[in-house]
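The values are calculated or read from the model by the stated rules, or taken from the named source; none is laboratory data. In this text, all values refer to a predicted model and were calculated from it rather than measured experimentally. With ideal geometry, Cβ positions are generated from the backbone for all residues, glycine too; neighbour counts draw on all protein chains shown.
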Amino acid sequence: MKIKLFICIFILFIGLIIGAQWYRLYIFPFPQLHEWKSGGEISGQPYVEYSDKLVITTYSKHTPVFLDRLYFDSISDNRLEGLYLVQIPRHYHDNIRIKPSKDLIIYRAISDNNNNLHYDNNNWDSSDIQINIEGRSTSHTKVIKKLFPANKLIDLTPGGPIASDPIFIMVKDYVTPSLKFKILN
């Protein structure tokens, strides 16, 4: 009886070790299961579920700039503080359309190894704002800007092809009201 119990415990222990190694090495069927769960191609990143909608938030340092990644600006230039941030997925492919009721200055964080020709052709100005959003495939290290007049439809490309470019928006002649409370942790 003791020998059968010992053999069962030994087989269970060996099975747990082999299963843990199988999972760690990401061997069949784990890649297929993750692809099936995400409904698409595996990009080397852990699967993160996100909404198809874009999120607009007020930017502050250590705010993730992408909707589906925890990448943030490590420099935290104060001139970006309080601007609106349009959080889009890191590998977004659709254009972003904005209809402003006031004049806007749109800031885009760009990368050196992304194809930035669409900015050169549309008269974007360079900015002296410092930024460093490090990602796995590319890092956004430059900020460009452009003034857009009110009541004209703005059609922004997402950036790329390596990664989409973060979007910061400043509404001209508008001061964001301060919160009348604080959350303590």
Q.
Can you tell me how many residues within segment 116-126 are assigned to a strand (DSSP E or B) and among the charged types (D, E, K, R)?
A. 1
Q. Taking the condition assigned by TED's automatic domain parsing to the domain that holds Thr138 and at pLDDT 90 or above, does Leu67 pass?
A. no
Q. Just one of the numbered conditions (1) more than 14 Å from the chain's Cα centre (by Cα); (2) surrounded by fewer than 18 Cβ atoms within 10 Å (Cβ to Cβ) is not true of Val143; which one?
A. (2)
Q | Members of segment 91-121 that are farther than 11 Å from Thr157 by Cα, touching an Asp or Glu at 6+ places or on another chain (Cβ under 9 Å) and modelled with pLDDT of 90 or more | A | Ile98, Lys102, Asp103, Ala109, Ile110
Q: Scan Ser76, Ser126 and give me the residue that is under 24 Å from Tyr174 (Cα atoms) and modelled with pLDDT under 90.
A: Ser76
Q. Filtering segment 141-185 down to residues that are farther than 19 Å from Ser101 by Cα and outside the structural domain of Phe72 (by TED's automatic domain parsing), which residue is modelled with the highest pLDDT?
A. Phe181
Q. Given the structure, is Tyr50 part of a loop (DSSP other than H, G, I, E, B), at pLDDT below 90 and in the same structural domain as Pro158 (by TED's automatic domain parsing)?
A. no
Q) Pick from segment 148-162 the residues that are of a type in the set (A, V, I, L, M) and part of a loop (DSSP other than H, G, I, E, B): which of them is nearest to Leu104 (Cα to Cα)? A) Ala150
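Quick grid of which residues meet (1) outside any loop (DSSP other than H, G, I, E, B); (2) surrounded by fewer than 18 Cβ atoms within 10 Å (Cβ to Cβ); (3) touching a residue at least 24 places away in the same chain (Cβ under 8 Å):
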{"position": "Leu70", "(1), (2), (3)": "no, yes, no"}
{"position": "Ile75", "(1), (2), (3)": "no, yes, yes"}
{"position": "Leu85", "(1), (2), (3)": "yes, no, yes"}
{"position": "Arg90", "(1), (2), (3)": "no, no, yes"}
{"position": "Asp94", "(1), (2), (3)": "no, yes, yes"}
{"position": "Tyr107", "(1), (2), (3)": "yes, no, yes"}
{"position": "Asn114", "(1), (2), (3)": "no, no, yes"}
{"position": "Asp128", "(1), (2), (3)": "no, yes, no"}
**Q.** Residue list for segment 163-179, filter: part of a loop (DSSP other than H, G, I, E, B) and within 17 Å of Ala150 (Cα to Cα)
**A.** Lys172, Asp173, Tyr174, Val175
Q) Going by the structure shown, is Ile56 surrounded by fewer than 17 Cβ atoms within 10 Å (Cβ to Cβ) and either in a loop (DSSP other than H, G, I, E, B) or on the phi > 0 side of the Ramachandran plot (or both)? A) no
